[in-house]
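The values are calculated or read from the model by the stated rules, or taken from the named source; none is laboratory data. These figures come from a predicted structure and were not determined experimentally. Note that each Cβ is placed from the backbone with ideal geometry, even for glycine, and that neighbours are counted across all protein chains shown.
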Amino acid sequence: MDEAAGVIPFYDLASLAKPLVTAPLALAFLDLDADRRWALGFHDREAPLTARQLLSHSSGLPPWRPFTGEPLAAQLRRPVPDHPLLRPATPGQATYSDLNYRLLAELVEAETRVPFRRLGSTSGLSPAPWPTAPVALPDAPDAEAWRLATERPLPPQDPRLPQDANARAGMPGHAGFGATAPQLKAALARWVAAGWPERMAVETAPGEGGSRWGLGLQALPSGGGRFGQLLSRLPAGLGLQVLEEPATELPPPAPALDSEPGPLSGWWFHLGYTGPALFYRPTDEACVALLLHRSGPAGTMLDMEALRARRWQALSRFVGQCGG
């Protein structure tokens, strides 16, 4: 995947499928405040379960469960071992969860009677399996959690399938789409023109660690070491920017991350586990996307701090080019 060799790099967008595919479909087809408990099989749940809660991660669902095809409500009734991905949601706070978007995909399919993969293709992004493979990554902690939570075999890796274990198992809604840089730029232009990010960038739910969730995007704080600190320096009228950073070398460390998130920056964002990131500013509809991956030397996977450093390096270079 070398541009010099005439091959345009292809990226697994991972969880960027949430704001770019699933959230627009939910906003287009679903009544956000209808109670969906019974439709989704949550017959013993006391509180309503709505699409608005699912979009803002305020449903109270845990972060993750393996996608085995079993109804989620039944799966959640069984105990699971201790693991960061298998923990319960934090009471009273929005807890980022792939499961919210799995249920949104189920609701959209039920409403439209159209397969989610087909609906998602209207975004302009490519649903897996892909004809071109992205940069390969080793199994992530979700593979470890999979083996703890179910006896069903872990879906095998395939270069044309997502790195995410749930996505390659077939779980719709939260991942499973990819793009080249030109393809993503065209898809983002349609996304902004249709007004989807403006509808997502509305403060809805306070979350873990001082986060603030909208309906598919998260408000970006500007505290020390946070991306909002950099993006706040960008001028108005920025337009749409896709920054591609295919390097594999280790980046220099990012500035230390303050324990307090700091004031909101005016930007909203979403991150993909494989590396890409998306930032949006409602005041002027500025949109900045990072296309990078978390493959380190010899194909190892960067930890979260090294991945933050790679994103920081790309954004810092761009802000400097813009005079910020």
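Output yes when any residue across segment 257-265 is under 21 Å from the mean Cα position of the chain (by Cα), assigned to a strand (DSSP E or B), free of Cβ contacts under 8 Å to residues at least 60 places away in the same chain and buried (at least 21 other Cβ atoms within 10 Å of the Cβ), and no when none is.
For segment 257-265, residues under 21 Å from the mean Cα position of the chain (by Cα), assigned to a strand (DSSP E or B), free of Cβ contacts under 8 Å to residues at least 60 places away in the same chain and buried (at least 21 other Cβ atoms within 10 Å of the Cβ): present.
May I ask you to list the residues in segment 56-65 that are over 11 Å from Arg102 (Cβ atoms) and not small (Gly, Ala, Ser)?
Within segment 56-65, His57, Pro62, Pro63 meet the criteria.
Rundown of residues vs (1) assigned by TED's automatic domain parsing to the domain that holds Thr204; (2) more than 19 Å from the chain's Cα centre (by Cα); (3) among the hydroxyl-bearing types (Ser, Thr, Tyr), yes/no style:
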{"site": "Pro71", "(1), (2), (3)": "no, yes, no"}
{"site": "Ala74", "(1), (2), (3)": "no, yes, no"}
{"site": "His83", "(1), (2), (3)": "no, yes, no"}
{"site": "Pro88", "(1), (2), (3)": "no, yes, no"}
{"site": "Ser97", "(1), (2), (3)": "no, no, yes"}
{"site": "Asn100", "(1), (2), (3)": "no, no, no"}
{"site": "Leu104", "(1), (2), (3)": "no, no, no"}
{"site": "Thr112", "(1), (2), (3)": "no, yes, yes"}
{"site": "Phe116", "(1), (2), (3)": "no, no, no"}
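Given (1) in the same structural domain as Arg281 (by TED's automatic domain parsing); (2) under 27 Å from Leu32 (Cβ atoms); (3) buried (at least 19 other Cβ atoms within 10 Å of the Cβ); (4) not small (Gly, Ala, Ser), identify the lone condition not met by Glu198.
(3)
Taking Pro255, is it at negative phi and at pLDDT 95 or above?
yes
For the condition part of a loop (DSSP other than H, G, I, E, B), β-branched (Val, Ile, Thr) and buried (at least 22 other Cβ atoms within 10 Å of the Cβ), what is the one hit in Thr274, Thr248? Give the derivation first.
Working: Thr248 fails: buried (at least 22 other Cβ atoms within 10 Å of the Cβ).
After ruling out the rest, the residue left standing is Thr274.
Quick test for you: out of Arg52, Arg45, Arg78, pick the one residue that is outside any loop (DSSP other than H, G, I, E, B), over 15 Å from the mean Cα position of the chain (by Cα) and either basic (Lys, Arg) or in the same structural domain as Gly216 (by TED's automatic domain parsing) (or both).
After ruling out the rest, the residue left standing is Arg52.
Which count do you get for residues in segment 130-170 that are in a loop (DSSP other than H, G, I, E, B) and within 14 Å of the chain's Cα centre (by Cα)?
So the answer is 3.
Any residue at all in segment 290-313 that is hydroxyl-bearing (Ser, Thr, Tyr) and at pLDDT 95 or above?
No, there is no match, as no residue in segment 290-313 is hydroxyl-bearing (Ser, Thr, Tyr) and at pLDDT 95 or above.
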